[in-house]
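Okay, structure first, notes after.
Only the coordinates and a few stated rules stand behind these numbers; no lab work does. All of these numbers come straight from a predicted model, not from anything done at the bench. Backbone-built Cβ (ideal geometry, glycine too); neighbour counts: all protein chains shown.
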Amino acid sequence: MSGASRWVFGGGLALSGLAGLYLASRSGEGTLYWTGLVLFGASVFLIFNLIGGAFDKAEGRPPESYRLVGYALVAVAVGTVVFHVLSPWWWAPIASNWHYIDITIDLTFWITGVAFVIILGFMAYCVFRFRHREGRRAEYEPESTKLEGILTVVTALAVAAMLAPGLFFWNQFIDVPEDAVEVEVVGQQWSWSYRLPGADGRLGTADTRRISPDNPLGLNPDDPDGQDDIIINGGPLHLQVDTPVKMLLRSVDVLHNFYVPEFRAKMDMVPGMVTQLWFTPTRTGTFQALCAELCGTYHAYMRGEVVVQEEGDYQAWLDDQRTFARLAAAEAP
Amino acid sequence: MADVTEDAIDDVIDDAVPPAEVPDVELPHAHSWITKYVFCQDAKVIAVQYSMTAMAIGLVALVLSWLMRLQLGFPDSLSVINAEQYYQYITMHGMIMVIYLLTALFLGGFGNYLIPLMVGARDMVFPWVNMLSYWVYLLAVLILVASFFVPGGATGAGWTLYPPQAILSGTPGSGWGIILMLVSLIVFIIGFTMGGLNYVVTVLQARARGMTLMRMPLTIWGIFTASVLALLAFPALFVGAVMMLFDHLLGTSFFMPAIVNMGQQLSHDGGSPILFQHLFWFFGHPEVYIVALPAFGIVSDLIATHARRNIFGYRMMVWAIVIIGGLSFIVWAHHMYVSGMDPAFGFFFAVTTLIIAVPTALKVYNWVLTLWRGDIHFTVPMLFALGFIVTFVNGGMTGLFLGNAVVDVPLSDTMFVVAHFHMVMGVAPILVIFGAIYHWYPKITGRMLNNALGKFHFWVTFVGSYAIFLPLHYLGLMGVPRRYFEIGDMSVVPPSAATLNEVVSIIAFVVGFAQMVFLFNLVWSLRKGEPAGSNPWRATTLEWQTPQTPPGHGNWGKELPVVHRWAYDYSVPGAAEDYLPQNLPPSRVRAAAE
Ligand code: HEM
Ligand SMILES: [Cu+2]
Ligand SMILES: [Cu+2]
């Protein structure tokens, strides 16, 4: 880089650094704050590099990008960790029994984070230490069975440390408790309906082939179990806190996926079959349900609502709902 | 015999190589401009044709990503697309990037250029079929592009094309769009199979004397294994595409159960949407490695050459490629943990998936151990190789989240997945492609690419892509699903995420702009680049030892090269130079050292 362009470039960096500081101090919080800080940090970093380059030149060393590369590797490692720790974007507090999932994610972040930093740090070390210099020659060492062996074992152990809890909790995730209450969720482009088993505690059978304007969920009118089923078309689904729920998921048209981020659990709904999912809501409140499987043009707008309540409130809501039999009666001429 | 000295006898013994197993071949010769540059049977020309076509269609995918980022970053002010177009664009962007750019460029582009040169052959073994492969590929690309212009537009089913949605009316392009997409894929697979057979047979049958399998450069191991994977994996996609076409056009029910579509009972019954997903991912997961293995191989050679050091643990690297290739066929259902398949599968697929992490990690270690005690030259190819390691390690780490069934449950189908696969199979292989172009351009054209522009291109692309995709993981952690036209009003997402999306979009434009600088460099250096000479990087592999640069028709002049050593004799103690070309006879090494 010529002297003049060094000044121009440096001046530009100084300005962008100042702009970053200004941005950060003006906003004081949130994304703009961080953007400003990052801009400031990056400018300082590049200015240092520029000065380093000028020294190289003054002292007659050939200009090499090693310093920039080394710093960049360190910056990526440190920056990633800092971003992770300070980012305001993090999962919403959990509202189900699946805190094991959060724990396993945290554990995985730790293990992979440490490995990431070590690998990048080692690369940065190599960049500084083993960069080309006049007369330098690399070492000739085709392989080292011992080193490769040690690394294999360490890696396998780290992987096992993530896999073991993963499999253990997966087993819980797919093992539905006996006493779970059944709730059916039916997806169709682009809305959700729900069905509760009613007083007998059993859901009646249903079939896509039976779906008609009068029978939007395709219930079997001859099935006694289905008569007292409670059907919720459009409104929110209510659940009772601390009661395990087994969700039976059904779709009448294409794939959908019932996903409440706070419950952590999700499962595709597949036409032609019933899929399932279980959890225990552990916190009262209103939660948004999202569709997490591309289902056509309005996929992003296919939202629902789940209200988790204490027993009394829940019962009060339940008593207001209409059963399949009453709906059918109401629609009969 | 009196004048034969001991030394000379030693020389003869040391220089001995096994006899030729495959006779030298007579190549078809081009007689007109058309057969020389258009319907050409020379793998080097076919390679350039493949590469240019792939880059051209890749540019379309890049522009589509801008339009998508405009929508995501500025949904209320600068968006120029509606939801239907958004889904059409993500679908075309994803499919183009994965199949028509990366697969075609690595195998059709680099495979064609490098395999014959690096194994010391005159050309591919079936030159005519090889030529046909390119033209069929071009046809596939044209069919794909045509789907933008048919009634209803391109398909918006997502690059995974899951039925029933892909062929029902709630999805954009569910008429002509999806049909052309499926036909284009079928044509692509036919074209690829012609090329793939060539790559595999050439590596197995046409290697120069002395080029044992365990002396081949890792680039060839990567491309070879990827070609085998592709030949085995693409048929699953082929079958899936044909069946979906039948479902769509003939009313069969392979993937279609009983369905009520917009209030109408359809006549389908009994099909299984999940069957398609198994077929798709039986192809789709190996596809990740079809892209990754050539990148692994190429980056190994870039690192060794520019760090002047033998690739560390060559045998381990070869076995890792082969083992990863094999394992890649038994991990596919890690894409389906929440698909509704039997959840007991989760145990098996989580185990296989995390096992595959071990050989993959070993490859990473061996790359960085090659830097260790090396003599690192910070050339542009080396910069891209380092950038690859960083993004690949990052993306590999998040793979450990998504592969571990229970962790995948909250993250599946969110922006976390989008961030993960962009790091690991988007950015990482693309960085290798760039590094490889800076590395081999001098051989292809005889001129160097401009260094300053190259460094600019590297820094903006590497830092920019990292900054684009790192934050997206966190959107996913919060729960933002992928393939969302807009986040809208989502209770788990704070308003600051909108600013994040703006920043990411702005960076995406900057990164896109840097690619224009790269294209300019490609064109400009063709005429104005510094002359490269035959071996500007002082590399050992055969392609740098050709008598002419760019290599002539038939590559090697009268005599085929004879190989005396593996591809990584850099900085051998006692040798005069810090590299020993694979075809340099030991007697000459000794003579030079004395
Ligand atoms: C700077 C470059 C790139 C940008 C800004 C970009 C941006 C995007 C965006 C915004 C999406 C849609 C996300 C969503 O709503 O779900 C997407 C999807 C995708 N991209 Fe990229 N992308 C880039 C490069 C690449 C590359 C190099 C690949 C190669 C593998 C790639 C492969 C994909 C795939 C497979 C999808 C998924 C499409 C789908 O959901 O069906 N992208 N990209
Ligand atoms: Cu959806
Ligand atoms: Cu996979």
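Using +1 at the Cβ of each Lys and Arg and -1 at the Cβ of each Asp and Glu in chain B, identify which of B:His553, B:Tyr162, B:Pro494 lies farthest towards the dipole's positive end.
Towards the positive end, the residue furthest out is B:Pro494.
Under a cut-off of 22 Å between alpha-carbon atoms, report the lysines in cross-link reach of B:Lys36, not counting same-chain residues fewer than 8 places apart.
B:Lys36 reaches B:Lys44, B:Lys443, B:Lys558.
How many nm separate the modelled label positions at A:Arg26 and B:Trp33, each set 7 Å beyond the Cα in the direction of the Cβ?
In this crude spin-label approximation the distance works out to 5.9 nm.
Residues in the range A:227-270 near a label at A:Gln172, defined as backbone nitrogen under 13 Å from the 7 Å Cα→Cβ point?
Correct set: none at all.
Would you list B:Val63, B:Val338, B:Val200 from fewest to most Cβ contacts within 10 Å?
B:Val63, B:Val200, B:Val338
Would you work out if the range A:278-333 is rounded, prolate or oblate? Take a ≥ b ≥ c from the square roots of the eigenvalues of the alpha-carbon gyration tensor; rounded if a/c is under 1.5, else prolate when a/b is larger than b/c, oblate otherwise.
oblate
If you take the beta carbon distance between A:Ala4 and B:Phe149 as r and set R0 to 41 Å, what does 1/(1 + (r/R0)^6) give as a FRET efficiency, to the nearest 0.05?
Taking R0 as 41 Å, the efficiency between A:Ala4 and B:Phe149 is 0.20.
Using a simple spin-label model with points 7 Å from Cα along the Cα→Cβ vector, what separation in nm is obtained for A:Leu18 and B:Met214?
With each label placed 7 Å out from Cα toward Cβ, I get 6.5 nm.
Picking from A:Ala77, A:Ala265, A:Ala19, which is most flexible by a Gaussian network model of chain A using Cα springs under 10 Å?
Residue with maximal mean-square fluctuation among A:Ala77, A:Ala265, A:Ala19: A:Ala19.
So what's the angle, to the nearest 10 degrees on a 0 to 90 scale, between helix A:30-58 and the longest Cα principal axis of chain A?
Long axis of A:30-58 versus the principal axis of chain A: about 20 degrees.
Once you've got the GNM for chain A with C-alpha springs shorter than 10 Å, pick whichever of A:Ile111, A:Ile150, A:Ile101 has the biggest mean-square fluctuation.
Its mean-square fluctuation being the largest, the pick is A:Ile150.
Okay, helix-only estimate at 222 nm for chain A: each DSSP H run of n ≥ 4 adds -39500 (n - 2.57), divide by all residues, round to 500 deg cm²/dmol; what do you get?
-16000 deg cm²/dmol
Compute the distance in nm between two label points, each set 7 Å from the Cα along the Cα-to-Cβ direction, one at A:Arg136 and one at B:Ala56.
Label-label distance for A:Arg136 and B:Ala56, simple model: 4.4 nm.
How far is the Cα center of the range A:302-323 from the Cα center of the range B:529-594, in Å?
Measuring centre to centre over Cα atoms gives 77 Å.
Could you tally the net charge around B:Phe312, taking each other residue with its Cβ under 15 Å from the Cβ of B:Phe312, Lys/Arg +1 and Asp/Glu -1?
Here the charged neighbours net out to -1.
Sorted from fewest to most neighbouring beta carbons within 10 Å, what does the list A:Glu134, B:Glu486, A:Glu139 look like?
Starting with the residue having the fewest Cβ neighbours, the order is A:Glu134, A:Glu139, B:Glu486.
Relative contact order, percent, of chain B when contacts are C-alpha pairs under 8 Å separated by at least 6 residues?
16 percent
Please identify the GluC sites (Glu not before Pro) of the range B:2-76 that satisfy two criteria: DSSP loop assignment and at most 16 other Cβ atoms within 10 Å. Which are they?
Here the GluC sites (Glu not before Pro) that fit, given the DSSP loop and packing criteria, are B:Glu21, B:Glu26.
Please state the charge dipole magnitude for the range B:538-594, taken about the Cα centre, from unit charges on C-beta atoms (+1 on K and R, -1 on D and E), reported in debye and rounded to the nearest 20.
For the range B:538-594, the charge dipole is close to 120 debye.
If I fit a long axis through the Cα atoms of helix B:6-15 and take the longest principal axis of the Cα atoms of chain B, what angle between them do I get, 0 to 90°, rounded to 10?
Here the helix axis deviates by roughly 20 degrees.
Using the Cα centre of chain A as origin and beta-carbon charges of +1 (Lys, Arg) and -1 (Asp, Glu), tell me which of A:Tyr301, A:Pro271, A:Trp190 is placed farthest towards the positive end of the dipole.
Checked the options; the winner is A:Tyr301.
Over what distance in Å are the Cα centres of the range B:298-312 and the range B:443-484 separated?
If we compute the Cα centre of each part, the gap is 22 Å.
Specify the inter-centroid distance of the range B:41-73 and the range A:124-153, based on alpha-carbon positions, in whole Å.
Answer, in whole Å: 37.
For every other residue with a beta carbon closer than 9 angstrom to the beta carbon of B:Pro551, add +1 if it is Lys or Arg and -1 if Asp or Glu, then tell me the sum.
Cβ neighbours under 9 Å give a net charge of +1.
Taking the Cβ of each residue in A:Cys295, B:Cys40 as the centre, tally the other Cβ atoms inside 10 Å and list the residues starting with the fewest.
Ascending number of Cβ neighbours within 10 Å: B:Cys40, A:Cys295.
Please tell me the relative contact order of the range B:133-265 in percent, rounded to the nearest whole number, where contacts are Cα pairs under 8 Å and at least six residues apart.
Relative CO of the range B:133-265 lands at 25 percent.
Which is farthest toward the positive dipole end of the protein assembly as shown among A:Phe168, B:His268, B:Phe282, measuring Cα position about the Cα centre, with Cβ charges +1 (Lys, Arg) and -1 (Asp, Glu)?
With unit charges placed on the Cβ atoms, the residue in question is B:Phe282.
Please state the charge dipole magnitude for chain A, taken about the Cα centre, from unit charges on C-beta atoms (+1 on K and R, -1 on D and E), reported in debye and rounded to the nearest 20.
Taking the Cα centre of chain A as origin, the dipole is about 2420 debye.
Please identify, among A:Ser144, A:Ser27, A:Ser251, the residue showing maximal mean-square fluctuation in a Gaussian network model of chain A using a 10 angstrom Cα cutoff.
A:Ser144
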